[in-house]
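Participant: Below: one structure in structure tokens.
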Amino acid sequence: MYSNETFLAQLLTEAGYLDQRQVEMVQAKLGESGVIQHFLDTGDLNESLIAQITAASMGTQVVDLAGGQINPGFKDYLSLDDCRKYQAVPFGDDGSYVSVAMADLLDAESQDTLPMVMGRECQFYSAPLKQIKAAWGQLFGDEVGEAEAGALEVVGLGEEDDGDAPVIKLVSGMLVEAFNMGASDIHIEPLETSLRVRYRLDGKLLHVASHPKKLLPAVITRVKVMSKTMSIAEKRIPQDGRIQMRLDGRDVDLRVSTVPSNHGESVVMRILDKSAMSLGLPQLGFLSDDQAIFADLLKLPDGIILVTGPTGSGKTTTLYACLNEINKPDRKIITVEDPVEYEFAGINQVMVRADIGMTFAAALRAMLRQAPNIIMVGEIRDGETANIAINASLTGHLVFSTLHTNDAPSSVARLSDMGIKRFLIASAVRAVVAQRLVRKLCEQCKRPVQLTEKEQRVLNIDASQLTAAQIMGPGGCEVCRNTGYKGRMGIFEIFLVDDEVRQLINQELSTPQLKRRARELGMRTLREDGVRKVLAGITSAEEVIGVTMQDAN
């Protein structure tokens, strides 16, 4: 009855609905083609469960056919013989596609053939065979016979709520809850005796649930099935995948990573909310003066602008905000990323594929032959990529990229260590922006506080600055889950390369000397920008001190 019983049995085993030893025993006795029917006959499986599993594996939905009428005209789309042959029934037509319910969505050959048989494009859904046979009875009446006749009603699309798929509901519930809470990541972690679920909120991990350890295989399988490209049979090596879905009317991508650990596979799902990529410079955390400086940088015709900071400091978000500001119809923009996290309309985005030779450097070379105005390189990791990016910026292109350095002036030494000559760095680089993320105080519960003497000393705040300040601290309410913080923003260090700084770079000053001179010329450090936001009551002194520990002040 099912075209790929071995694969279907594997899906059901990984999801925890069948026991692997039982499956092997049945296969040895009856052969691979009889295993699913055996478990249907014994009651270990039912057709509704199979419909849900196959729908999940193919990235579509289950249609519930029960208790009403199908349009009699749909019998003109398929003969009864064809319906029986393909175990399918047409049940809807929106003018563009005919909606077809199939008992076996793993039957790729039938899905390829049915549009040709019907002469129409088809959208396929999963349904239990019993309901499909009932639909034949409605369309073809006595031709089907009393045993297969019955009534049905198309009540809509969605996974059946009959208790057969608690794991599907569990995983779906995690995704919805994490998204509604504004989490950036979902961590599903196997411990010795339990399955721990944590969400990352505003950079901090929050424990939200513990489940029985026995659910681990089913949960992992469900996530892999949703990602479509991950193997449910492979548990020994790390895997990466992607899930695309729509939550609360918004398109959301999830970047999925699995890693084998000593207690089973660990999963992290990064939530990528596409609507968040419409951020402008103010939403990133730039105050008005820095915003004006950065806006001027985006108007430059050429040169390279670097964003630096450790992993998780928001560099990619800043680059995307820059592209969002300058994405105009008269400009050709190409990016090379590893991976492509968000898709932008009007921008050509290239994903790094090191396994086939598509490295940052190789992609960048190819991009230059496409005559772009603006280039974004996700990260400069080596001298070859750095050299190509520098040369591109010197030949009339505006280049954006990231580096891993602790502060902005250190980027000069980093590029020099990669083999880039100092005079090329001085000529090409227009600005370096170092950044960190700090949590914003919850607007609903933040409260006035006084800085301690230690905080004033560490942040180098004098009494005159406190006169007009609005120092606030975290409170705690339901809105922020009693953390006192809601959302994050950037603190920035903008290192502008003007004529005087170019001379300093060419003189090969050390990084401390270069930073000292840059500060004398007006550059604010990360900590100093954070202090401004403390004095404005946007974040707390504790946050700024915590994320700028390496700032020499």
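The values are calculated or read from the model by the stated rules, or taken from the named source; none is laboratory data. Since the structure is predicted, the reported quantities are computational estimates derived from the model, not experimental observations. So basically every Cβ, Gly included, is an ideal-geometry build from the backbone, and we count neighbours across all protein chains shown. When the accessible area is computed, the model is the full protein with side chains, heavy atoms only, and any ligands, DNA or RNA have been set aside. Shrake-Rupley method; radii C 1.70, N 1.55, O 1.52, S 1.80 Å.
Participant: Once you put a point 7 Å from the Cα of Y97 and another 7 Å from the Cα of L394, both along the Cβ direction, what distance in nm separates them?
Facilitator: A separation of 5.2 nm, rounded to one decimal place.
Participant: Given that compact globular proteins tend to follow 2.2 N^0.38 Å, what is the ratio of the alpha-carbon Rg of the range 183-290 to that value?
Facilitator: This ratio for the range 183-290 stands at 1.26.
Participant: Oh, and also: Starting from 0.36 nm per residue, how many nanometres of slack lie between Q22 and T452 once their C-alpha separation is accounted for?
Facilitator: On the way: separation 430, 0.36 × 430 = 154.80 nm, distance 6.72 nm.
Gain in length upon complete extension: 148.1 nm.
Participant: Within the range 491-520, whose backbone N sits under 19 Å from a point 7 Å along Cα→Cβ of N324?
Facilitator: Under cut-off, by backbone N: 491-492.
Participant: Quick check for you: with a 1.4 Å probe and neighbouring chains kept, what is the accessible area per residue of the chain, in Å²?
Facilitator: Numbers: 25650 Å² over 553 residues.
Dividing the accessible area of the chain by its residue count gives 46 Å².
Participant: Of the options Q27, V208, Y320, report the single residue whose Cα projects farthest towards the positive end of the charge dipole of the chain (beta-carbon charges: Lys, Arg +1; Asp, Glu -1).
Facilitator: Of the options given, the answer is Y320.
Participant: Starting from the eigenvalues of the Cα gyration tensor, five times each then square-rooted, give me the equivalent ellipsoid semi-axes of the range 494-547, largest first, whole Å.
Facilitator: Details: eigenvalues 166, 25, 9 Å².
Working from the Cα gyration tensor, I get semi-axes of 29, 11, 7 Å.
Participant: While we're looking at this one, here's another question. Per the Debye formula with a single identical scatterer at each Cα and no solvent contribution, what log10 I(q)/I(0) holds for the range 416-553 at q = 0.15, 0.18, 0.22 Å⁻¹?
Facilitator: For the requested q values the scattering log ratios are -0.78, -0.97, -1.26.
Participant: Any chance you could look up the accessible area of E341 with a 1.4 Å probe, heavy atoms only, rounded to 10 Å²?
Facilitator: 30 Å²
Participant: Which whole-number value in Å³ per residue fits the convex hull of the alpha carbons of the range 300-457? Walk me through the numbers before you get to the answer.
Facilitator: Working: hull volume 25.6 nm³, N = 158.
So the per-residue hull volume is 162 Å³.
Participant: Right, here's the next one. Taking only DSSP H segments of four or more residues, each worth -39500 (n - 2.57), what value at 222 nm results for the chain once the sum is divided by all its residues, to the nearest 500 deg cm²/dmol?
Facilitator: Numbers: 22 runs with 207 residues, N = 553.
It comes out at -10500 deg cm²/dmol, rounded to the nearest 500.
Participant: Listed here are the pairs K169/K224; K85/K224; K169/K214; K133/K228; K85/K130; K29/K214; which of them are more than 21 Å apart at the Cα? Could the numbers behind the result be given before it?
Facilitator: Values: K169/K224 15 Å; K85/K224 31 Å; K169/K214 16 Å; K133/K228 29 Å; K85/K130 15 Å; K29/K214 28 Å.
Among K169/K224; K85/K224; K169/K214; K133/K228; K85/K130; K29/K214, the Cα-Cα distance tops 21 Å for K85/K224; K133/K228; K29/K214.
Participant: As an exercise, use a Förster radius of 22 Å and the Cβ-Cβ distance of T229 and T113 to find the FRET efficiency, rounded to the nearest 0.05. If you can, show how the numbers build up before the last one.
Facilitator: Working: r = 25 Å, r/R0 = 1.14.
Once rounded, the FRET efficiency stands at 0.30.
Participant: Still on this model: Where nothing but the Cβ of Lys and Arg (+1) and of Asp and Glu (-1) is charged, how large is the charge dipole of the range 286-418 around its Cα centre, in debye to the nearest 20?
Facilitator: Around 400 debye, computed over the range 286-418.
Participant: Say the dipole of the chain comes from +1 at the beta carbon of Lys and Arg and -1 at that of Asp and Glu; which of G378, H263, N46 then lies farthest toward its positive end?
Facilitator: It is G378.
Participant: Using a 1.4 angstrom probe with every protein chain in place, what is the largest-first accessible-area order of M351, M245, M549, M523? Provide the component values of the computation, followed by the final result.
Facilitator: Working: M351 90, M245 50, M549 135, M523 15 Å².
If we order M351, M245, M549, M523 from most to least accessible, we get M549, M351, M245, M523.
Participant: Can you give me the P(r) profile for the range 262-333? Cα pairs, bins 10 angstrom wide beginning at 0, each as a whole percent.
Facilitator: 15, 44, 26, 9, 6, 1
Participant: Can you give the Rg and Dmax of the chain based on its C-alpha atoms, in angstrom?
Facilitator: 29.3, 94
Participant: With N set to the number of residues, divide the alpha-carbon radius of gyration of the range 1-138 by 2.2 N^0.38 Å and report two decimals.
Facilitator: On the way: Rg = 15.5 Å, N = 138, 2.2 N^0.38 = 14.3 Å.
Compared with the compact-globule rule of thumb, the range 1-138 sits at 1.08.
Participant: Protein chains only, probe 1.4 Å: how do T193, T548 rank by accessible area, largest first? If you can, show how the numbers build up before the last one.
Facilitator: Values: T193 110, T548 5 Å².
Descending order: T193, T548.
Participant: Give, in nm to one decimal, the length gained when the segment between R517 and L287 is fully stretched (0.36 nm per residue of separation minus the Cα-Cα distance).
Facilitator: Working: separation 230, 0.36 × 230 = 82.80 nm, distance 2.33 nm.
Contour length minus the Cα-Cα distance gives 80.5 nm.
Participant: Work out the P(r) tail for the range 1-56: percent of alpha carbon pairs separated by more than 16 Å, whole number. Numbers along the way, then the final one.
Facilitator: Working: 466 of 1540 pairs.
That tail contains 30 percent of the Cα-Cα pairs.
Participant: Output needed: Cys residues of the chain lacking any neighbouring Cys C-beta below 4.7 Å, sorted by number.
Facilitator: C83, C122, C322
Participant: A follow-up question, please. Tally the DSSP beta bridges in the chain and give the antiparallel ones as a percent, rounded to 5. Write down the numbers at each step before the final one.
Facilitator: Working: 57 of 86 bridges.
Restricted to the chain, the bridges split so that about 65 percent are antiparallel.
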